[in-house]
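J.: Let me give you the structure first, and then I'll get to my questions.
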Amino acid sequence: MIHKLNINNIERYDVVVCGGGMTGFAAAVTSARVGKKTLLIEKGTCLGGVGTAGGVNILLGGIKYGEEKYNFITGGLFKELYYNLRKTDDCVDIYKINRERSPHAWYPGLAESIIFDNEAMKDQLESIAVESGVKIKYMSYIFDVKTNENNIDYILITGKSGNTAVKADVFIDSTGDADIAKMSGCSYVLGRDEDNLMTPATLIMFLEDVDTEKVLEYIEKNKSPRFREKIKSLRQKGEWPFDFDIFISALINKEGYHMVNSIRQVGIDGTDTDSLTEGIIEGRKENKQLFNILKKYFPGYEKAKISSMTETIGIRETRRIIGEFVLTFSALMSGEEFDDIIALSSYCFDLPDPKRPSHQPLEGQKIKKRYTEIPYRCMLPDKIDNLLVAGRSISVEREVLGPIRVMGPCIGMGQAAGAAAAMAADKDSSVKDVDVLQLKEKLKSINCITDESQVCEVRNNI
Ligand SMILES: Cc1cc2nc3c(=O)[nH]c(=O)nc-3n(C[C@H](O)[C@H](O)[C@H](O)COP(=O)(O)OP(=O)(O)OC[C@H]3O[C@@H](n4cnc5c(N)ncnc54)[C@H](O)[C@@H]3O)c2cc1C
């Protein structure tokens, strides 16, 4: 041992949620709303994780278009957020997005989304959490776990107040990286089996004063929503220095205000501090370089200004636990039946190749069923009885990450984890023994969607 730790405080809760992204927010609110003393721990200074701090202001996977209407695939808090934000005009009215000609998204599938104002979303998440009775602890880094046989006894967090041991009946790992599962000795994999490489990361940049109409005109005239031809010709002239071959920009909720989710940073390991730091430094540099190219060569961006770049880098993939059940690509393709489905996703197999950042290995593949169904068992790690894992690090084959990693299903999984944790805490039992039928009933009672029969229309008039 290099240095003996001082533990300044010990705190105790029924349910402790580790990581305050969309998944953790949903888990904590669901647990607190059924009366559990719930703590939500976050190393940053806002809720929403990649969705807010990371600038991904488009909730995907929770809405699907069909028969001239939009339907919620994720209910519960996802729905609540949409209607709340719509009332104050802080998200784009989904019925006003022109599917054929949409600057809000890059192709019609991406019009099935909630495009939101970042600050309003932070406010919504925080208000809902606080009003539900969640205790939030910001600027608190979880750095260790103490287990006792098959249970987590306490986790250790550090911050301004020193080190605190936090005890709970049940813990939820919503760090996105399965940090708690890893620290507890649960089985996991990192990235691709053959070389541990992960899909590229992106530091997002926001631009203002973009001439959106001009961008649309170019896209329509050239039938090129991702500017592939322009990039090809710039590369030939030696004016395009990047690995990626597509440009992605989406209009957010203010005229001329675009989110640029374009740079694709290969070789970043989101579980390594030095790699993350390098990613952030390089990400800012690449965005600046991209911005200069946009101004010079891309129609509509001539007068644009950089409004901001996110403080954190967006990581799409790190660890996945090997849990009670592994959801496979072949199960989705053959339409396997499960009786413990707790959330759905309407999103596609979007997971760019780790080395060729504009290549989608599974592009166009269609699953047998209409939606990707997520079984409860994917959230159960091995070895530990009082831990649930929710979000992109659940137990799935890497190929399945595309549909499950986006924010709709993350919110759905978060709610299921929060409800299951509360049930296990009530009975003082293992999360592995939660009665899934009862869990599904509970989720239904709070408007969550766990099967196709509950899919419901997005209201037009708010
Ligand atoms: C560039 C990019 C673009 C994307 N585009 C879209 C899109 O358009 N639409 C969409 O729906 N999805 C998109 N996604 C995916 C989606 O945004 C994320 O997968 C999803 O938001 C994950 O939510 P989460 O809460 O599970 O994880 P995160 O958002 O990663 O939240 C985890 C939280 O845990 C905290 N944390 C982690 N470790 C610790 C620790 N040890 N101690 C304390 N706190 C900790 C983090 O600070 C973070 O706030 C994109 C992802 C990226 C990276």
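Every read-out reported here was derived from the displayed coordinates using simple, explicitly stated rules and does not represent laboratory data. Not measured: the values here are computed from a predicted model. All Cβ positions, even for glycine, are placed from backbone atoms using ideal geometry, and neighbour counts span all protein chains on display.
J.: D for segment 103-173, whole µm²/s, Stokes-Einstein with Kirkwood Rh over alpha-carbon pairs at 25 °C and 0.890 mPa s: what number?
T.: 156 µm²/s
J.: How much space per residue, in cubic angstrom, does the convex hull of the C-alpha atoms of segment 133-214 take up? Display every interim value, and only then the final one.
T.: On the way: hull volume 16.9 nm³, N = 82.
Measuring per residue, one finds 207 Å³ for the Cα hull of segment 133-214.
J.: Just tell me, in residue order, which DSSP H segments of the chain are both 18 angstrom or longer along the helix axis (alpha-carbon based) and at least -0.5 in mean Kyte-Doolittle hydropathy.
T.: Details: long enough: 118-132 (21 Å, -0.57); 273-297 (35 Å, -0.85); 407-427 (30 Å, 0.62).
Helices passing the filter in the chain: 407-427.
J.: Please work out the ratio of the alpha-carbon Rg of segment 10-75 to 2.2 N^0.38 Å and round it to two decimals. Don't jump to the answer; show the numbers that get you there.
T.: Working: Rg = 15.1 Å, N = 66, 2.2 N^0.38 = 10.8 Å.
Here the Cα radius of gyration is 1.40 times the empirical estimate.
J.: Right, next: Round to the nearest 0.05 the FRET efficiency obtained for Gln236 and Asp428 when R0 = 56 Å and r is the Cβ-Cβ distance.
T.: On the way: r = 67 Å, r/R0 = 1.19.
Plugging the Cβ-Cβ distance into 1/(1 + (r/R0)^6) gives 0.25.
J.: Could you calculate the contour length gain from Ser275 to Asn98, that is, 0.36 nm times the residue separation minus the distance between their Cα atoms, to one decimal place in nm?
T.: On the way: separation 177, 0.36 × 177 = 63.72 nm, distance 3.98 nm.
59.7 nm is the gain from fully extending Ser275 to Asn98.
J.: To check my understanding: the extent here is largest minus smallest coordinate of the Cα atoms along each principal axis. What are those three numbers for segment 316-462, in Å, largest first?
T.: 48, 46, 28
J.: Limiting things to C-alpha atoms, what are the Rg and the maximum Cα-Cα separation (Dmax) for segment 368-440, in angstroms?
T.: 12.4, 39
J.: How much length would be gained if the chain were fully extended between Thr328 and Asn461, taking 0.36 nm per residue of separation minus their Cα-Cα distance, in nm to one decimal?
T.: Numbers: separation 133, 0.36 × 133 = 47.88 nm, distance 3.96 nm.
Contour length minus the Cα-Cα distance gives 43.9 nm.
J.: Going by how many other beta carbons lie within 10 Å of each one, how would you line up Arg392, Arg226, fewest first? Provide the component values of the computation, followed by the final result.
T.: Numbers: Arg392 26, Arg226 18.
Neighbour counts put them in this order, fewest first: Arg226, Arg392.
J.: Which FRET efficiency value, to the nearest 0.05, do you get for Glu67 and Ile2 by plugging their Cβ-Cβ distance into 1/(1 + (r/R0)^6) with R0 = 60 Å?
T.: On the way: r = 63 Å, r/R0 = 1.05.
Using R0 = 60 Å, I get an efficiency of 0.45.
J.: What is the local net charge at Tyr138, summed over the other residues whose Cβ is closer than 13 Å to its Cβ (Lys, Arg +1; Asp, Glu -1)? Let's see the in-between values first.
T.: On the way: positive: Lys43, Lys122, Lys135, Lys137, Lys160; negative: Glu42, Glu126.
Charge balance in the 13 Å sphere: +3.
J.: Continuing with this model, one more query. For segment 205-309, treating each Cα as an identical point scatterer without solvent, what Debye log10 I(q)/I(0) comes out at q = 0.12, 0.16, 0.23 1/Å?
T.: -0.42, -0.72, -1.30
J.: Mean projection of the alpha-carbon convex hull of segment 119-266 over all orientations, in nm²?
T.: Working: hull surface 57.7 nm².
With the hull built on Cα positions only, its mean projection is 14.4 nm².
J.: Mind checking which lysines have their Cα closer than 21 Å to the Cα of Lys160? Skip sequence neighbours fewer than 8 apart in that chain.
T.: Straight-distance partners of Lys160: Lys4, Lys43, Lys135, Lys137.
J.: Once you have the alpha carbon radius of gyration of the chain, what is it after dividing by 2.2 N^0.38 Å, with N set to its residue count? Write out the running numbers ahead of the final one.
T.: Details: Rg = 21.5 Å, N = 462, 2.2 N^0.38 = 22.6 Å.
Ratio of Cα Rg to 2.2 N^0.38 Å: 0.95.
J.: To continue, here is another question. Using r as the Cβ-Cβ distance of Glu213 and Glu302, and R0 as 22 Å, what FRET efficiency do you calculate, to the nearest 0.05? Mind showing how you got there, number by number?
T.: Working: r = 13 Å, r/R0 = 0.59.
Result of the calculation: an efficiency of 0.95.
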